[in-house]
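Working notes for the structure below.
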Amino acid sequence: MRCLHPFCPMGIGAPSWAHVLSNAEIAVAPRDRPALLTQLTANFSSGPTNPAVARPSPTSNAALENRLLRACPCLFNQIDKPLTARATVHFCEMALGALITSTNVHQAFLFQHPSPTTPQFNPPPLQPCRQGGTIMEMLCSEVLTNVGIPEMSTDATGWPKWIMPGHILLNEGRMSSLQALGEIMIPCGPTNLLILIKSEVARERLLYSANSIEGIGFGFFKEPQEFWTQSRMTLYIRMGFSAIYMPDHTLAEVVNFIVSNGTESHAVNINGTALYRPLSCFGDDMLRVVGKSSFLL
C-alpha cells in the first residue's frame, strides 16, 4: 500500500514533507503550506516507533488531517486517531516486511486479528481499527492491486473511473448501492465477477450472498465442515459460485474429507474445474480472467 510518509519503514515514502504537501490528493491551500510544513518537520522527522508515541497533530483542520492520514498511514503510529481499515493494510505490511500478496495474505490477517498465539503489529498504531469487516475487503483489495489489478479511483461524482485491468470496491462511492451483492467487482464476461468476502466463518451469509450472480468466495475460513458436505457443495454451485478461496490448512481438511467420502466430483464448478481453492491462487486466477472471461476460472 502506498505511504508517502518520508520515514516510512517500507522505504516507499516521499523524499520530504514538502513533497508530500505538493501532492494534489492532500489539497493543501498554498497559504497553509508553510505552517503545516513547519509542524511536520518539527514533530514528524522520524518514522513509526514501538511502542507508539503520540505527537501533536500538525493541523486543526479535520478534513486535511484525514487526507494526510490516508496518504501517510504511518501517521496512525504518531497521531492519536483510530486506525482505518485502509491503514490497517499498511500496518500488516510493515509487520510482514513485504507487500501483501496471495501467498502471505493469511499471515497479514493474523496480524490484525490478535490473540495470545498470533503475532502482533510492529510498529503498532496508537488506536486499533474499529472496522473489522472492512479490513477483510481491504486485504483482498490489496492482493488484487499487487498482482496487477488496482482499485479504480472515483471521479468527482463518486462513480468509478473505468481503467482496465482494475477492480471496484462496492462499499465506496456511488457503487455502494450495490454492496448487498458483494464487496468487490472484477469486470469480465459474460457477467462481472462479484467477490464475497468473509472472515473466519462462512455460515449461510456466504451461501446466499451470491444470489445466483457469478460469485467468488474469499475468506480466512477455519471450519472445514462448512464446506465438505455434498449438499453444501451443490448449493454453492447452484447459487452461482465459481470458486471459493480459503487457507491451505482448511482446504487440505476439506479435500481429505471429500476424497475419503468419494464426493470429490461435487467440488467442481460450472466450468468443470475446482470449486475450492487455496488463497495462494487467488491473485493469479483473478488476473487471468479480468477483462476477459470467467470461463477461464
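The values are calculated or read from the model by the stated rules, or taken from the named source; none is laboratory data. Just so it is clear, the model here is predicted, and its values are computed rather than measured. Every residue, glycine among them, receives a Cβ derived from its backbone with ideal geometry; neighbour counts consider all protein chains shown.
Listed values, structure above:
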read-out: In segment 258-277, the residues that are closer than 22 Å to residue 213 by Cα and not hydroxyl-bearing (Ser, Thr, Tyr); value: 266, 267, 268, 269, 270, 271, 272, 274, 275, 277
read-out: Segment 136-186: number of residues that are assigned by TED's automatic domain parsing to the domain that holds residue 247, surrounded by 13 or more Cβ atoms within 10 Å (Cβ to Cβ) and of a type in the set (Ser, Thr, Tyr); value: 1
read-out: Test: residue 236 is part of a strand (DSSP E or B), closer than 17 Å to residue 274 by Cα and hydroxyl-bearing (Ser, Thr, Tyr); value: no
read-out: Cross-chain or 6+ apart pairs with Cβ under 6 Å, segment 98-113 first and part of a loop (DSSP other than H, G, I, E, B), then of a type in the set (Ser, Thr, Tyr); value: 102/280; 103/280; 112/88
read-out: Hey, residue 48 touching a helix residue (DSSP H, G or I) at 6+ places or on another chain (Cβ under 6 Å) and within 15 Å of residue 13 (Cβ to Cβ) or not; value: yes
read-out: Test: residue in segment 104-121 that is within 15 Å of the chain's Cα centre (by Cα) and under 16 Å from residue 8 (Cβ atoms); value: no
read-out: Neighbours by Cβ (under 8 Å, 6+ apart or cross-chain): first from segment 254-282, part of a loop (DSSP other than H, G, I, E, B); second of a type in the set (Val, Ile, Thr); value: 267/254; 267/255; 267/258; 269/237; 270/237; 275/237; 275/244; 275/268
read-out: All positions within segment 215-251 that are hydroxyl-bearing (Ser, Thr, Tyr) and surrounded by 19 or more Cβ atoms within 10 Å (Cβ to Cβ); value: 236, 242, 245, 250
read-out: Residues (part of a helix (DSSP H, G or I) and either outside the structural domain of residue 224 (by TED's automatic domain parsing) or touching a residue at least 40 places away in the same chain (Cβ under 8 Å) (or both)) located in segment 283-294; value: 283, 284, 285, 286, 287, 289, 294
read-out: Test: residue in segment 154-165 that is touching a Phe, Trp or Tyr at 6+ places or on another chain (Cβ under 8 Å) and touching a residue at least 40 places away in the same chain (Cβ under 8 Å); value: no
read-out: Residues satisfying the stated conditions in segment 19-35, i.e. in contact (Cβ under 8 Å) with a residue 12 or more places away in the chain and in a loop (DSSP other than H, G, I, E, B); value: 23, 25, 26, 27, 28
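A quick yes/no check of all residues on (1) assigned to a loop (DSSP other than H, G, I, E, B); (2) buried (at least 20 other Cβ atoms within 10 Å of the Cβ); (3) touching a residue at least 40 places away in the same chain (Cβ under 8 Å):
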{"position": "65", "(1), (2), (3)": "no, no, no"}
{"position": "74", "(1), (2), (3)": "no, yes, yes"}
{"position": "79", "(1), (2), (3)": "yes, yes, yes"}
{"position": "117", "(1), (2), (3)": "yes, no, no"}
{"position": "121", "(1), (2), (3)": "yes, yes, no"}
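To keep it simple, each residue is scored yes or no on (1) farther than 28 Å from residue 145 by Cα; (2) of a type in the set (Ser, Thr, Tyr); (3) surrounded by 13 or more Cβ atoms within 10 Å (Cβ to Cβ); (4) out of contact with any helix residue (DSSP H, G or I) (no Cβ under 9 Å at 6 or more places or on another chain).
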site	(1), (2), (3), (4)
24	no, no, no, yes
28	no, no, yes, no
58	yes, no, yes, no
71	no, no, yes, no
